[in-house]
Amino acid sequence: MTGVGRGLRVTDRRTSLCGADVVPYAPSLYNVRYQHRRIAGMVASGEKLLYGGIEAGGTKFVCAVGTSPDDLRAEARFPTTTPAETLGRVIGFFREQAGQGRLAAVGVSCFGPVDLDAGSPTYGYITSTPKRGWEGTDVVGAMRRALGLPVGFDTDTNGAALAEHRWGAARGLDSFIYLTVGTGIGGGGLVNGRLLHGLTHPEMGHIRVPRVPGDESFAGVCPFHCDCLEGLASGPAIEARWRARAENLPPDHPAWEMEARYLGLALNDLVCALSPLRIVMGGGVMGNRRLFPMVREHLRGLLNDYVRAREITELRADYIVPPELGERAGVLGGIALAQDAVASA
Ligand code: ZN
């Protein structure tokens, strides 16, 4: 997954080196604990507030109205076509929900790369995406103008991480990673209670990992780096290497051992750099649950007892886990971002 720095022109499109697309993302900076207190205060006051969540993906948009996973009043999915048509359907959906109650804000967990710099003239835009027609799309502005509401905005993976923190597999943890392994590889999460966000945003899918023995001849599929993690271990990488989609590979296929090795190498680097209390792993490739114990084993072997944490040395099953919110993590991330937009207003 890819991003652009503060102030960079969104027209900085690059030529693919390896012939594959990525689905980018980026994260943001919040004090989540502080916002939780403010949200709780609003609820205690008895005010009835609903929130609109949007998971803006490269292939589909998911919209919902509600307050939590247990309180979703309406939900809709639209294919991602042109920006005008797709955002028009999103706006239409929220206008149709007026009878549900007062909408306080909407939030967008957005594919990207996106501009998250509040001081930038293109804040809230999708920037240098390879998704045709979407480069330079002003997502936040379109929502604000049409709905007249505060708009929370962050990347798809950070939105999903925020939802898992609030309602799912990372509840109560101030430092964790959310990593998705699918069409692309991306990561978000919290460190010391703050969503990961900085110079631009983390690019966990584009870290470099050494080649697994036997994989030296595979070029990799990342259009920017060829053989970064995403280039070697994403769903399209598996398909390009083995000539079959991951979901069609049998359980004993050597692709899985290779995949587990690459993911173990990546987690080794992420554990050493960020020291997460938990690693939540989602995305289509991780739908093969057999990968989880394999990745835990490789991570333990690579760290070789240097990181003395029982979660790792004892192969605890609650250290590397699937998301609890499943396919709704993205749209619930939108609702969480909407809540935070109100809390920080
Ligand atoms: Zn890359």
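Could you pull out every residue, at least 5 positions away or on a different chain, whose amide H is within less than 5 Å of the one on GLY189? Hs are placed 1.01 Å off N in the peptide plane, and Pro or chain starts have none.
Amide H neighbours of GLY189, under 5 Å, 5+ apart: TYR178, LEU196.
SER68 to GLU327: extension gain in nm, 0.36 nm per residue of separation minus the Cα-Cα distance?
The SER68-GLU327 span can extend by a further 91.8 nm.
Collect residues whose amide H, placed 1.01 Å from N in the peptide plane, falls under 5 Å from the amide H of ALA74; neighbours closer than 5 in sequence don't count.
Amide H neighbours of ALA74, under 5 Å, 5+ apart: VAL65.
Taking 7 Å along the Cα-to-C-beta vector as the label spot, tell me the ARG144-SER344 distance in nanometres, rounded to one decimal.
Label at ARG144, label at SER344, 1.4 nm between them.
Considering amide H positions built from the backbone, and no H for Pro or chain starts, which residues 5 or more places from PHE153, or on another chain, come under 5 Å of its amide H?
Those lying under 5 Å, H to H, from PHE153 are VAL108.
Output ³J(HN,Hα) for the stretch 280-286: one whole-Hz value per residue in order, computed from phi by the Karplus curve 6.51 cos²θ - 1.76 cosθ + 1.60 with θ = phi - 60°, and x for Gly and Pro.
Coupling constants for the stretch 280-286: 9, 10, x, x, x, 5, 6 Hz.
Highest first, please rank the peptides 57-70, 305-318, 77-90, 273-286 by the mean number of other Cβ atoms sitting within 10 Å of their residues.
Final packing ranking: 273-286, 57-70, 77-90, 305-318.
Need the full-extension length gain, ALA118 to ARG316, defined as separation in residues times 0.36 nm minus the C-alpha distance. One decimal, nm.
My answer for the length gained is 67.3 nm.
Between the DSSP loop rule and a limit of at most 13 other Cβ atoms within 10 Å, which trypsin sites (Lys or Arg not before Pro) in the stretch 166-221 are left?
Listed in order of number, the matching sites are ARG171, ARG208.
For the stretch 237-247, in order, what is each residue's ³J(HN,Hα) by Karplus, 6.51 cos²θ - 1.76 cosθ + 1.60 with θ = phi - 60°, in whole Hz (x at glycine and Pro)?
My calculation for the stretch 237-247 gives 5, 4, 5, 5, 6, 9, 6, 7, 5, 3, 5 Hz in order.
Given points 7 Å out from each Cα along the Cα-Cβ axis, report the ARG89 to ASN192 separation in nanometres with one decimal.
Distance between the two pseudo-spin positions: 4.3 nm.
Farthest toward the dipole's positive end in the chain, which of LEU149, PRO251, GLY112, given Cβ charges of +1 (Lys, Arg) and -1 (Asp, Glu) about the Cα centre?
Working it through, the farthest residue towards the positive pole turns out to be LEU149.
Would you mind working out the magnitude of the charge dipole of the stretch 39-142 relative to its Cα centre, with +1 at each Lys and Arg C-beta and -1 at each Asp and Glu C-beta, to the nearest 20 Debye? Spell out each step's value before the answer.
Working: 9 positive and 11 negative charges, 55 e Å.
Roughly 260 debye for the stretch 39-142.
Would you please give the FRET efficiency between THR82 and VAL307, computed as 1/(1 + (r/R0)^6) with r the Cβ-Cβ distance and R0 = 56 Å, to the nearest 0.05?
Step by step, r from the Cβ atoms, then E = 0.70.
FRET efficiency for GLU247 and GLU297, Cβ-Cβ distance as r, R0 = 22 Å, nearest 0.05?
Given R0 = 22 Å and the Cβ-Cβ separation, E is 0.45.
Tell me the Kirkwood radius of the stretch 172-324: reciprocal of the mean inverse pair distance over distinct alpha-carbon atoms, in Å.
15.6
DSSP loop trypsin sites (Lys or Arg not before Pro) in the stretch 92-138 with at most 10 other Cβ atoms within 10 Å of their Cβ, which ones?
Sites meeting the loop and neighbour criteria: ARG102, ARG132.
Assign unit charges at the C-beta atoms only (+1 for Lys and Arg, -1 for Asp and Glu), then state the dipole size of the chain relative to its Cα centre in Debye, rounded to the nearest 20.
Taking the Cα centre of the chain as origin, the dipole is about 580 debye.
If you plug each phi of the stretch 210-220 into the Karplus form 6.51 cos²θ - 1.76 cosθ + 1.60 with θ = phi - 60°, what whole-Hz ³J(HN,Hα) values come out, in order, with x for Gly and Pro?
Listing the rounded values in order: x, 5, 6, x, x, 10, 5, 8, 7, 6, x Hz.
Per residue, what volume in Å³ does the convex hull of the Cα atoms of the chain enclose?
128
I'd like to compare 115-121, 331-337: which one has the highest average count of other Cβ atoms within 10 Å, and what's the full order after that?
331-337, 115-121
Ignoring solvent entirely, what values of log10 I(q)/I(0) come out of the Debye formula for the stretch 162-237 at 0.17, 0.19 Å⁻¹ when each Cα is a single scatterer?
Treating every Cα as an identical point scatterer, log10 I(q)/I(0) equals -0.71, -0.81.
Quick note: the coordinates plus some simple rules give every number you see, no bench work behind them. Nothing here was measured: the structure is a model prediction, and the numbers come from that model. Using ideal geometry, Cβ is built from the backbone for each residue, glycine included, and neighbour counts are taken over all protein chains shown.
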